[in-house]
Structures are given as C-alpha cells and as structure tokens.
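Participant: A single structure is presented below for examination.
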Amino acid sequence: MRLILLGPPGAGKGTQAKKLLAEFGIPQISTGDMLRAAVAAGTELGKKVGPIMAASQLVPDELIVPIFAERVAKADCAKGYVLDGFPRTIAQALALENSGQRIDAVVSLEVPVDVLIERQSGRWTCPKCGSIYHQKSSPPKQVGVCDRDGAALSQRSDDKPEVAAKRQEVYRAETAPLKEFYAQRGLLHVVDGLGEPDAIYMAIKKVLSR
Ligand code: AMP
C-alpha cells in the first residue's frame, strides 16, 4: 500500500503514520524528519535547509524531490510506504506521479486552524525514540521526560507558537491545492482529524478498506 497522509502541521499525520507502521509494517517516510536529521548532523544539505526550515518556508522542490526518490528506492519500501510531509507542492506531486510510483490513496486529515495552532505549540518530542507528547492531551508522566527511555523532551523550533501560524499559512497557500489535485485523480479521502488518535485511525482504516 502506498499512501499519502495530507494535512496541515499538527493535524496528526506523524501519529497516524506510526500506527500504520505498527499494524502493517509499512515505513513512515517523513521528509521533515529526514531534513531535521541532516540539520542535526551538520551535513551540506543540513546547512542549506536549516535556515529555510527555521523560517517556516518550504525547501525548494529541486532539493526535496531527489531526497524522496532516493528514500523510496530503498528495500524497506518494496511493500509500500506512508508519506508524511511529501508531496507539499503541485510540482512535487507531479514529480511523484512522473516517477512511476503508483499511489493507492491520499488521506487528508482535516482540523480547524485554531485547534492546529494550539496542538502544534504544545507538542514535545523525544529526540531519542521519536515519541510525541502534548502538554494537554497526552502529557508524559514526568514533565519534560520521555516515558519510554527517560530522554529529555524537546520542542521543535518550528512548533513554537510564534512560528506555528506561519506554517499554517504556508500549508494553505502551497499544499492545500493538492487536495483538488488528488480529488481529480479519484484518490482523495477526507477524514475528520478532530478527536482521539485511535478513533481517527479507525476512520482512516475504514476509508482505506473501501
Ligand atoms: P514537517 O516535519 O513535515 O512539518 O517538516 C518540517 C519542515 O521541513 C517544513 O516546514 C519544511 O521547511 C521542510 N519540509 C519537509 N518536507 C518538505 C517538502 N516535502 N517540501 C518542502 N519542504 C519540506
């Protein structure tokens, strides 16, 4: 199964991708995670994209498309994958289409913008295992500490409240048009992204079984 999870920052794409990975064993491909790893490792790519990400802008298509292509060519993607954060522009969607990768479904997680900004700005992640917490809806047992491995939780710089609104605007302008793009291809499924993650996951599985 090759699946695209579409939705604005904070809609829960990463959480749902992890559930799909746990049940179906198909890898989550998060271009955001890959870019953050490059920034943390201080690679040439990281140096280029760091300031762009910090400014809540999109990394240019000509940089991100080859990163995506290289990743999906790896053996673990043979049975499929869940795309989380790619494509983000019409140009990227066209590149994906032209790459010959046949997408089975696109799930758009819909959440009102004010809820998104609230969700995003309360999100904390474990730099070690990737676990995601929220200070209100799913806090760790001990403030600032990962339940799983005891690592200190960190807040992504682009999740800070002052940049959260900017990222929503970039989504609306650059990525939201992909809904129409995939609707025209008969691939789009809209799922309500408000509520408990498990209930949303059930709704996703329901549309996928159609
Ligand atoms: P994310 O974790 O998916 O929200 O991505 C974090 C940041 O990485 C975004 O704000 C962009 O700066 C960059 N990024 C991730 N994926 C893409 C993409 N497909 N196209 C352009 N920029 C991206």
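Participant: Using the crude model of +1 on Lys and Arg Cβ and -1 on Asp and Glu Cβ, and no other charge, please compute the dipole size for the range 3-113 relative to its Cα centre, in debye to 20.
Facilitator: 200
Participant: Extension gain Glu162-Lys136, at 0.36 nm per residue separation less the Cα-Cα distance, in nm?
Facilitator: In short, 7.5 nm is gained.
Participant: Now for a separate question. Per 0.36 nm of contour for each residue apart, how much would the distance between Lys179 and Leu94 grow if the chain were fully extended, relative to their Cα-Cα spacing? All intermediate terms of the calculation are to be shown ahead of the outcome.
Facilitator: Values: separation 85, 0.36 × 85 = 30.60 nm, distance 1.33 nm.
That pair, Lys179 and Leu94, stretches by 29.3 nm at full extension.
Participant: While we're here: Could I get the Rg over Rh figure for the chain? Both from C-alpha atoms, Rh via Kirkwood, rounded to two places. Please list the in-between numbers first.
Facilitator: Details: Rg = 16.4 Å, Rh = 17.6 Å.
Result: Rg/Rh = 0.93.
Participant: Please report Val143, Val190, Val49 as a ranked list, fewest other C-beta atoms within 10 angstrom at the top and most at the bottom. Intermediate results must be reported in sequence, preceding the final value.
Facilitator: Details: Val143 10, Val190 15, Val49 23.
Neighbour counts put them in this order, fewest first: Val143, Val190, Val49.
Participant: At 4 °C and 1.567 mPa s, what whole-number value in µm²/s does Stokes-Einstein give for the translational diffusion of the range 87-153, with Rh from the Kirkwood sum over Cα pairs?
Facilitator: Answer from the Stokes-Einstein relation: 88 µm²/s.
Participant: In a shell of Cβ-Cβ distance under 14 Å around Ala54, excluding Ala54 itself, what net charge do Lys and Arg (+1) and Asp and Glu (-1) give?
Facilitator: Taking every Cβ under 14 Å from that of Ala54, the sum is +4.
Participant: Ok, one more. Using +1 at the C-beta of Lys and Arg and -1 at the C-beta of Asp and Glu, which of Ile200, Leu45, Val65 has the Cα lying farthest in the positive direction of the dipole of the chain?
Facilitator: The residue sitting most towards the positive pole is Ile200.
Participant: Expected output is a single nm value to one decimal: the length gained when fully extending between Glu110 and Lys48, i.e. 0.36 nm times separation in residues minus the C-alpha distance. What is it?
Facilitator: Full-extension gain reported as 19.2 nm.
Participant: A further question follows. Put +1 on the Cβ of each Lys and Arg and -1 on the Cβ of each Asp and Glu in the range 127-176; which of Val145, Ser131, Ser157 then has its Cα farthest toward the positive end of the dipole?
Facilitator: Result: Val145, furthest along the dipole toward the positive end.
Participant: Check each of the trypsin sites (Lys or Arg not before Pro) in the range 102-139 and keep only those in coil by DSSP with at most 16 other C-beta atoms within 10 angstrom; list them in order.
Facilitator: Within the range 102-139, the qualifying trypsin sites (Lys or Arg not before Pro) (loop, at most 16 other Cβ atoms within 10 Å) are Arg102, Lys128, Lys136.
Participant: With bins 10 Å wide starting at 0, give me the P(r) of the range 1-105 over every alpha carbon pair, in whole percents.
Facilitator: Pair shares across the bins are 14, 48, 34, 4.
Participant: Only Lys, Arg, Asp and Glu count, each charged at its Cβ (+1, +1, -1, -1), so figure out the dipole size of the range 132-190 about its Cα centre, rounded to 20 debye.
Facilitator: That gives the range 132-190 a dipole magnitude of about 120 debye.
Participant: Placing unit charges on C-beta atoms (Lys and Arg positive, Asp and Glu negative, everything else neutral), compute the dipole magnitude of the chain about its Cα centre in debye, rounded to 20.
Facilitator: 320
Read the figures in this text as sums done on the coordinates, not as results from a lab. Note that the structure is a prediction, hence the values are computed from the model and not measured. No Cβ is skipped: glycine too gets one built from the backbone with ideal geometry, and neighbour counts run over all protein chains shown.
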